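Okay, structure first, notes after.
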Amino acid sequence: MNDLDDMDDEYQDQAAQERAQKVRMELYDWIQCVVTAIICGVLVFVFIGRTIGVDGISMMQTLRNSDRVIMSNLFYTPDNGDIVVFRSPTERFHGVPLVKRVIATEGQTIDIAFETGEVFINGVLCDEPFTYTMTTGQYDFEGPLTIPDGHIFVMGDNRSNSTDSRSHDVGLVDTRYILGKVLFILIPGADELGQRDWTRFGLPG
């Protein structure tokens, strides 16, 4: 074998090593991108927001059955009018996530005139354009009721078809059981014909 053949072999070996190095670098970059995406996804899921499905009609028309929503508990403090997801420790709903609207927070006094469906907070009539049906079902509620520290009073927007803080089956919600505030309708639920109203995509009412 002459010197020229030796140079060709050396060149081919070097080229093969460079190709192998390039493949390793591309594979490393690809793995790095995948790992970064997974980490970012986990951080978003844990600290910023996650999705949850709506089950039932208690929040109509604001939220409908099988809607997929984004919620977050990042730096969240419950406020009147918020839509929240929480776990009820009661026997009926033990551990099941429920979606309701915050009507009163700690220190506020709520009273309801069931004859007219009017809701009062600290003696002031609430403006509730989001309600689908009137608040005429009393269940176990006895007012006026002052909300204790660390709790909220919730009701569904479909008041005649909602088991909520008016009932002992839910009662006052301990804020430690709040999973998050509903921020966004991600996927509108399908109707009985399997159709989705994509005009509902976005911020809930």
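Residues R24, R200, R101, ranked from the fewest to the most other C-beta atoms within 10 Å, line up as R24, R200, R101. The F93 and Q14 beta-carbon pair, evaluated with R₀ = 45 Å, returns a calculated FRET efficiency of approximately 0.05.
Close amide-amide hydrogen proximity is noted between Y139 and no other residue 5 or more places distant or on a separate chain, at a cut-off under 5 Å (H modeled in the peptide plane; Pro and chain starts excluded).
Report the FRET efficiency, 1/(1 + (r/R0)^6), for W198 and T136, where r is their Cβ-Cβ distance and R0 is 35 Å, rounded to 0.05.
That gives a FRET efficiency of 0.55.
Debye-formula intensities of the stretch 51-190, expressed as log10 I(q)/I(0) at q = 0.21 Å⁻¹, are -1.39 (one equal scatterer per alpha-carbon, no solvent). As a proxy for reagent exposure, L193, L186, L27 were ordered by neighbouring Cβ count within 10 angstrom, fewest first; the result is L193, L27, L186. With both labels modelled 7 Å from their Cα along Cα-to-Cβ, the N65 to D127 distance reads 3.3 nm. Here R50 and N161 are evaluated by their C-beta separation; at R0 = 35 Å the FRET efficiency comes out at 0.85. Restricting the chymotrypsin sites (Phe, Trp or Tyr not before Pro) of the stretch 109-205 to loop positions (DSSP other than H, G, I, E, B) with no more than 13 neighbouring Cβ atoms within 10 Å leaves F201.
Sparse packing (at most 13 other Cβ atoms within 10 Å of the Cβ) combined with a DSSP loop state is found for the following chymotrypsin sites (Phe, Trp or Tyr not before Pro) in the stretch 67-107: F75.
Coordinate-derived values only; no laboratory data. Note that the structure is a prediction, hence the values are computed from the model and not measured. When we count neighbours, we look across all protein chains shown, and the Cβ atoms used for this are built from the backbone with ideal geometry, even at glycine.
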